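As structure tokens, the structure follows; a few thoughts come after it.
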Amino acid sequence: MRKLVLLGAGYGNMRILSRLLTKELPLDVEITLIDRTPFHSLKTEFYALAAGTVSDSVVRVPLPVDDRLKVIGGEIIEISTDDKAVFLADGQKVNYDELVIGLGCRDNFHDVPGAAEHTYSIQTIGKSRITYEKLLGLGGGATVGIVGAGLSGIELASELRESRPDLNIKLFDRSPRILRDFPERLSNYVKGWFDEHNVDVVAESNITKVEERALHNHEETIPVDAVVWTAGIRPVTVVQNIETEKGDSGRLVLNKYHQLPLCNDVYVVGDCAALPYAPSAQVAEEQAEQIVKVLRLVWGEEPLPETMPEIKLKGFLGSLGKKQGFAYLADRTVTGRIARLLKSGVLWLYKRHNG
């Protein structure tokens with residue numbers, strides 16, 4: 001039997017499973033999925049879990065159940081491209097013929113002293129649970145610092161404001177304006193929401209040090225009761241340990257078929273991949289579509305195409321609490337209730353389609 005092994009039950013590998021677990025799957029191919037949790041986690045909703053506005057069950061989706069799919073629970077400690085094997089912390093060794101790495105990421109602390117030790121995270125469902133316990137355990141009038149005003153930071157700050165109106169929230173942004181790479185109308189709308197709801201946006205910030213109860217921004221020391229870090233990501237350690245060419249933040253450089261250049265039996269999907277796009281669920285799913293097509297050609301011993309189609313993104317959707325939102329779709333800005341309904345609808349459809 002030919003062994004396809006998928007590492008991580010993220011958006012990319014979930015899409016691969018949905019496309020491969022059909023009648024067209026070759027009879028001589030068996031699929032193994034390895035993940036530390038027995039479910040798919042909706043990472044795009046971890047901000048709401050951390051803020052306490054949704055329950056744990058809302059951000060979980062069951063894995064597919066299929067006789068052709070074997071699911072192994074465990075912590076991956078090594079990926080050996082020489083041995084064509086994956087090693088788990090419990091001693092298991094899983095061999096592969098083709099491997100898809102979709103293990104996601106961890107926070108990138110940019111070598112800021114104290115950031116790793118004194119901040120909370122929303123990168124995994126487990127870390128988001130810990131962040132929830134910390135934030136919801138704070139007393140009234142406590143100050144929460146959120147470092148990083150990308151989509152995750154914006155959504156966490158707004159959701160936390162609705163969950164805990166008694167907290168002081170400071171959102172630290174390196175840029176002169178929120179979402180600076182997008183139209184000013186979008187930036188102004190989000191900033192206006194924060195102004196109206198008493199979230200302090202600290203523009204042009206530069207966090208130089210984090211202590212247990214203080215943030216250092218430039219030369220200023222700001223007392224805080226908790227800090228959540230949303231200022232960038234990098235691949236998990238087991239991926240960074242693979243001996244292959246790496247790009248920005250340690251992401252793995254790929255060829256046009258989403259393979260490691262010197263290991264064409266290893267594919268990389270999602271946040272671990274060095275791509276000319278910001279990491280997102282949408283990018284991972286578009287990659288997955290192409291990986292499935294390549295796998296089918298490889299299994300059929302057919303030639304691969306000279307070129308691969310360019311990944312085209314539809315835009316993005318963001319929430320500002322439960323009633324307002326913002327979107328950038330087909331070079332158009334959408335704000336307010338409609339944008340929030342769009343995001344809720346996309347989430348509903350995704351969960352319906354996946355279980």
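The values are calculated or read from the model by the stated rules, or taken from the named source; none is laboratory data. For clarity, every value in this text was computed on a predicted model and none was experimentally measured. Don't worry about glycine lacking a Cβ; one is built from the backbone with ideal geometry, like all the others, and counts go over all protein chains shown. The accessibility values were calculated without ligands, DNA or RNA, using every heavy atom of the protein model including side chains. Shrake-Rupley method; radii C 1.70, N 1.55, O 1.52, S 1.80 Å.
Some notes on this structure:
- Flag if Val59 is free of Cβ contacts under 8 Å to residues at least 40 places away in the same chain and either under 30 Å from Ser158 (Cα atoms) or not acidic (Asp, Glu) (or both): no
- Filter result for Ile16 (at pLDDT 95 or above, closer than 24 Å to Val298 by Cα and part of a helix (DSSP H, G or I)): yes
- Flag if Leu252 is open to solvent by 10 Å² or more (accessible area, probe 1.4 Å), farther than 16 Å from Ala9 by Cα and of a type in the set (A, V, I, L, M, F, W, C): no
- Positions within the stretch 115-147 being open to solvent by less than 20 Å² (accessible area, probe 1.4 Å), small (Gly, Ala, Ser) and within 24 Å of Val239 (Cα to Cα), in sequence order: Ala115, Ser121, Ser128
- Filter result (in a helix (DSSP H, G or I), loosely packed, with under 15 Cβ neighbours inside 10 Å and of a type outside the set (A, V, I, L, M, F, W, C)) within the stretch 316-349: Arg337, Ser344, Gly345
- The one condition from (1) outside any strand (DSSP E or B); (2) at pLDDT 95 or above that Leu6 does not meet is (1).
- Scope the stretch 307-345; condition among the β-branched types (Val, Ile, Thr) and touching a residue at least 40 places away in the same chain (Cβ under 8 Å); matching residues: Thr307, Thr333, Thr335
- Tyr96 vs. criteria among the aromatic types (Phe, Trp, Tyr), under 24 Å from Gln290 (Cβ atoms) and more than 17 Å from the chain's Cα centre (by Cα): yes
- Beta carbons closer than 7 Å, at least 6 apart along the sequence or on distinct chains, pair a first residue in the stretch 9-30 that is without any contact (Cβ under 8 Å) to a residue 40 or more places away in the chain with a second that is surrounded by fewer than 22 Cβ atoms within 10 Å (Cβ to Cβ) for Asp28/Met1; Asp28/Arg2.
- Scope the stretch 304-354; condition out of contact with any helix residue (DSSP H, G or I) (no Cβ under 9 Å at 6 or more places or on another chain) and polar (S, T, N, Q); matching residues: Thr307, Ser344
- Apart from one condition, Val269 fits all of (1) open to solvent by less than 30 Å² (accessible area, probe 1.4 Å); (2) in contact with a Gly (Cβ under 8 Å, 6 or more places away or on another chain); (3) on the phi > 0 side of the Ramachandran plot; the exception is (3).
- Test result for Leu317, of a type outside the set (Phe, Trp, Tyr) and within 19 Å of Gly10 (Cβ to Cβ): yes
- Residues being in contact (Cβ under 8 Å) with a residue 40 or more places away in the chain and not hydroxyl-bearing (Ser, Thr, Tyr) - total across the stretch 180-196: 6
- Filtering the stretch 243-266 for residues that are touching a residue at least 40 places away in the same chain (Cβ under 8 Å) and touching a His at 6+ places or on another chain (Cβ under 9 Å) leaves an empty set.
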